[in-house]
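**Q** The following block contains the structure, expressed as structure tokens.
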Amino acid sequence: MKYQSTRGEAPILEFGDVLLAGLAVDGGLYMPSELPEIGQADLRAFANLPYTEVATRVLAPFVAPSIDEDSLGRMVEEAYATFRHPDVVPITELPSEGVNDHHIVELHWGPTFSFKDVALQLLGRLFEHELERRATSVTVVGATSGDTGSAAIEACRDREGIELVMLHPRGRISEVQRRQMTTVASSNIHNVSIDGTFDDCQDLVKAMFADSSFRQQRRLAAVNSINWARVAAQTVYYFTTGTQLGGGERQTSFCVPTGNFGNILAGYIAAQMGLPVDRLIIASNHNDILTRTHLSGLMEMEQVIPSTSPAMDIQVSSNFERLLFDLSDREAAWLRTAMQDFRANGQLPLSEALITRLRNIFDADRASELEVEETIADVHSATGQFIDPHTAVAVSVARRLEAGSSPIAIMSTAHPAKFGDVVQDATGVAPAQPEEIKDLYGRTESCTDLPNELNAIMEFVSSATNA
Ligand SMILES: *Cc1c(COP(=O)(O)O)cnc(C)c1O
């Protein structure tokens, strides 16, 4: 398989290079030149296979020829053995008042209790494998709105050949999220808090990648969802869920709490590969750029307003570029200028043709803070189940949809204990805390505070990786 950049001016690469490159040198994102197809017989088989087997079969064509299927299978087994549930990604029912069948897809059984573990536990192992094969090392730099950071740190800690520098927006992530990152005492892990928003952190990472001499000198690598390997790894649970709910023949809809568009993009890719998908529903909190774009056809940046679902407090959803690339029939030249204009003006009008294609498969809606709180309370009083605020955004949006015939799989992206305060405020009851989270409060934190300035960050990266 070959990979090309969404902006058309970067070299065509194989998986191993794309894995280590992250962002393409022209500022674009890597996409497979052609997607593998999963046939009917495979889909029917997937409904009854263990998660790890589906993962190996879905991912093998993406990683070839860089990584052979046996090595992939071994890494997949190891990655998902870290999950606390035997099904890896279990599905539960959610009573839905006679509308469509609603199901909760629990993506949060990994080491750090968020869906980020699904991709990152595998990514850490793929990195180590590829670095060993090449006898080289990398500096992973990432930005986190909360969950990517801890999942990446857990995936990369103490791995050979990797130094990890993780930026987070100071005071804008929960205490549990911060402690999950800053209490990891591994010499290859470096936490930085930035005086700014998540978008600022993401821009700093992108700027470091855009500086080609710095990038080469430090051998930068990315774990943000700009890394194609993450999107690929996330397609797997669309296949397991869709085939379990629909037997490989009937369509499923997916409702996804969306921030950087990495999760729901994986659903779109799975649909392109042959999974029967009815609707893909973008659920946003009050930072609703994608919902507004879907409605009006104009993508327009606004200020980020903090919410109780911080992993979705984003205005620029990086992976949306991959969707625009595909929906525009891969018009890299158009996309290159379009993304530059959007950066410069904060606005991008989408053509009627493009917006029609978007609406052919995607729906979009937002949930207010009040709706999130009410949904957490309502699900708890109806079922005794706790859901976290990100999941609640999606449940709230799914409940408002008009009745359709397909079951709706609602992606539950975080364990409720990770956002225990919000859940307790809504329900009056504190969700039980897993031991791993309780433990965090007694540990020493380690983090460097830096201003929102590229030079300061680059200096830090250089010194951290020289040590
Ligand atoms: C990262 C994250 C999201 C958003 O996912 P994207 O892939 O960025 O759209 C939603 N919920 C939680 C809990 C997350 O950690």
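**Q** With the requirement that a residue be assigned to a loop (DSSP other than H, G, I, E, B) and farther than 22 Å from residue 196 by Cβ, what does the stretch 318-339 give you?
**A** Once the filter is applied, which keeps residues that are assigned to a loop (DSSP other than H, G, I, E, B) and farther than 22 Å from residue 196 by Cβ, the stretch 318-339 yields 328, 329, 330, 331.
**Q** Also, I was wondering about something else. Given the structure, is residue 205 within 22 Å of the chain's Cα centre (by Cα), among the hydrophobic types (A, V, I, L, M, F, W, C), modelled with pLDDT under 95 and part of a helix (DSSP H, G or I)?
**A** When the stated conditions are applied, residue 205 passes them.
**Q** May I ask you to list the residues in the stretch 269-317 that are assigned to a loop (DSSP other than H, G, I, E, B) and away from the ligand (no atom under 16 Å from the Cβ)?
**A** 273, 274, 275, 276, 297, 301, 302, 303, 305, listed by residue number.
Per-residue answers, yes or no, for (1) touching a Phe, Trp or Tyr at 6+ places or on another chain (Cβ under 8 Å); (2) over 20 Å from residue 118 (Cα atoms); (3) away from the ligand (no atom under 16 Å from the Cβ):
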position: 129; (1), (2), (3): no, no, yes
position: 134; (1), (2), (3): no, yes, yes
position: 147; (1), (2), (3): yes, no, no
position: 151; (1), (2), (3): no, no, no
position: 155; (1), (2), (3): no, no, no
position: 165; (1), (2), (3): yes, yes, yes
position: 173; (1), (2), (3): no, yes, no
position: 182; (1), (2), (3): no, yes, yes
position: 186; (1), (2), (3): no, yes, yes
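For every residue, the table says whether it meets (1) of a type in the set (S, T, N, Q); (2) touching a Cys at 6+ places or on another chain (Cβ under 6 Å); (3) at positive phi.
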residue	(1), (2), (3)
391	yes, no, no
398	no, yes, no
404	no, no, no
439	no, no, no
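**Q** Let me ask another. Quickly run through the stretch 406-458 and pick out the residues that are within 16 Å of the ligand (Cβ to nearest atom), within 20 Å of residue 382 (Cα to Cα), assigned to a loop (DSSP other than H, G, I, E, B) and in contact with a helix residue (DSSP H, G or I) (Cβ under 8 Å, 6 or more places away or on another chain).
**A** The answer is 431, and nothing else.
**Q** To continue, here is another question. From the list 372, 393, 379, exactly one residue is buried (at least 20 other Cβ atoms within 10 Å of the Cβ), away from the ligand (no atom under 15 Å from the Cβ) and within 30 Å of residue 441 (Cβ to Cβ). Which is it?
**A** 379
**Q** Name every residue in the stretch 396-405 that is among the hydroxyl-bearing types (Ser, Thr, Tyr) and either surrounded by fewer than 24 Cβ atoms within 10 Å (Cβ to Cβ) or part of a loop (DSSP other than H, G, I, E, B) (or both), in order of residue number.
**A** Within the stretch 396-405, just 405 meets the criteria.
**Q** Here's something else I'd like to know. Please specify each residue of the stretch 79-126 satisfying the condition of being aromatic (Phe, Trp, Tyr) and in a loop (DSSP other than H, G, I, E, B).
**A** Correct list: 83, 109, 113, 115.
**Q** Give the residues of the stretch 64-80 that are under 19 Å from the mean Cα position of the chain (by Cα) and within 13 Å of residue 126 (Cβ to Cβ), sorted by residue number.
**A** As a first pass, look at the stretch 64-80 and keep what is under 19 Å from the mean Cα position of the chain (by Cα): 76, 79-80.
Across the stretch 64-80, the qualifying residues are 76, 79.
**Q** What is the one condition in (1) aliphatic (A, V, I, L, M); (2) assigned to a loop (DSSP other than H, G, I, E, B); (3) within 22 Å of the chain's Cα centre (by Cα) that residue 54 does not satisfy?
**A** Only one criterion in (1) aliphatic (A, V, I, L, M); (2) assigned to a loop (DSSP other than H, G, I, E, B); (3) within 22 Å of the chain's Cα centre (by Cα) is unmet by residue 54, namely (2).
For (1) in contact with a helix residue (DSSP H, G or I) (Cβ under 8 Å, 6 or more places away or on another chain); (2) within 19 Å of residue 273 (Cα to Cα); (3) outside any loop (DSSP other than H, G, I, E, B); (4) of a type in the set (Ser, Thr, Tyr), each residue gets a yes or a no:
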{"position": "9", "(1), (2), (3), (4)": "yes, no, no, no"}
{"position": "18", "(1), (2), (3), (4)": "yes, no, yes, no"}
{"position": "35", "(1), (2), (3), (4)": "yes, yes, no, no"}
{"position": "61", "(1), (2), (3), (4)": "no, yes, yes, no"}
{"position": "67", "(1), (2), (3), (4)": "yes, no, no, no"}
{"position": "70", "(1), (2), (3), (4)": "no, no, yes, no"}
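**Q** Among the residues of the stretch 340-362, are any at negative phi, within 16 Å of the ligand (Cβ to nearest atom) and not in a helix (DSSP H, G or I)?
**A** Yes, that holds for at least one residue.
**Q** Is there any pair linking a residue in the stretch 442-453 that is under 21 Å from residue 204 (Cα atoms) to one that is small (Gly, Ala, Ser) and surrounded by 12 or more Cβ atoms within 10 Å (Cβ to Cβ), with Cβ under 9 Å and at least six apart or on different chains, and which?
**A** The qualifying pairs are 447/193; 448/193; 448/464; 449/193; 450/193; 450/456; 451/196; 452/196.
**Q** So which residues in the stretch 74-114 are away from the ligand (no atom under 16 Å from the Cβ) and farther than 22 Å from residue 242 by Cβ?
**A** 74, 75, 77, 78, 81, 82, 84, 97, 98
**Q** Related question: Can you tell which of 148, 82, 144 is touching a Gly at 6+ places or on another chain (Cβ under 8 Å), closer than 21 Å to residue 263 by Cα and at pLDDT below 95? Working first, answer last.
**A** Details: 82 fails: at pLDDT below 95; 144 fails: touching a Gly at 6+ places or on another chain (Cβ under 8 Å).
Exactly one of 148, 82, 144 is touching a Gly at 6+ places or on another chain (Cβ under 8 Å), closer than 21 Å to residue 263 by Cα and at pLDDT below 95, namely 148.
**Q** Also, I was wondering about something else. With the requirement that a residue be near the ligand (Cβ under 7 Å from one of its atoms) and in a loop (DSSP other than H, G, I, E, B), what does the stretch 246-264 give you?
**A** Of everything in the stretch 246-264, those that are near the ligand (Cβ under 7 Å from one of its atoms) and in a loop (DSSP other than H, G, I, E, B) turn out to be 258, 259, 260, 261.
**Q** If you scan the stretch 412-467, which residues turn out to be among the polar types (S, T, N, Q), surrounded by 15 or more Cβ atoms within 10 Å (Cβ to Cβ) and at pLDDT below 95?
**A** Correct list: 433, 465.
**Q** Quick check: is even one residue across the stretch 233-245 within 16 Å of the ligand (Cβ to nearest atom) and assigned to a strand (DSSP E or B)?
**A** Within the stretch 233-245, not a single residue is within 16 Å of the ligand (Cβ to nearest atom) and assigned to a strand (DSSP E or B).
**Q** Here are 145, 150: which of them is assigned to a loop (DSSP other than H, G, I, E, B) and of a type in the set (Ser, Thr, Tyr)?
**A** One residue alone meets the criteria, 145.
The values are calculated or read from the model by the stated rules, or taken from the named source; none is laboratory data. Quick caveat: nothing in here was measured; it's all calculated off a predicted structure. Using ideal geometry, Cβ is built from the backbone for each residue, glycine included, and neighbour counts are taken over all protein chains shown.
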